[in-house]
Each structure stands twice: as structure tokens, then as C-alpha cells.
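The values are calculated or read from the model by the stated rules, or taken from the named source; none is laboratory data. What you see is a predicted model; the values in this text were computed from it and never measured. Every residue, glycine among them, receives a Cβ derived from its backbone with ideal geometry; neighbour counts consider all protein chains shown.
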Amino acid sequence: MLTLHIAFAPLVALVAGVLILILPRLLNYIVAIYLIVIGILGLIHY
């Protein structure tokens with residue numbers, strides 16, 4: 001079985017950075033979603 005492991009935080013940071021450059025008003029939503037996802041992953045010890 002082929003497993004591709006990509007570091008999660010740098011990938012999210014890259015996508016968020018591009019979206020913020022395109023649509024700056026998305027910054028609040030992107031930051032909120034990022035914090036929620038990191039919090040959930042921290043709670044389940046990903």
C-alpha cells in the first residue's frame with residue numbers, strides 16, 4: 001500500500017498564504033479554521 005506523507009502545517013500555511021494574497025478578507029476565516037483544526041488534531045494526538 002502506497003502512503004504519501006505530507007507535512008500538514010506547511011501545506012496549510014502555503015494554501016492559506018495564497019488565499020490571503022488573493023482575497024485578504026478571508027484572513028479571519030482562514031486563521032479560525034486553522035486554529036480549530038490544529039486544536040482538534042492536538043486533542044486526538046495526531
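Kindly indicate whether LEU41 is at negative phi and either at pLDDT 85 or above or in contact with a Leu (Cβ under 7 Å, 6 or more places away or on another chain) (or both). Taking the combined requirement at face value, the residue does not satisfy it. Sub-9 Å Cβ pairs linking a first residue in the range 16-34 that is assigned to a helix (DSSP H, G or I) to a second residue that is among the aromatic types (Phe, Trp, Tyr) and surrounded by 12 or more Cβ atoms within 10 Å (Cβ to Cβ), at least 6 apart or interchain, are ALA16/TYR34, ordered by first then second residue.
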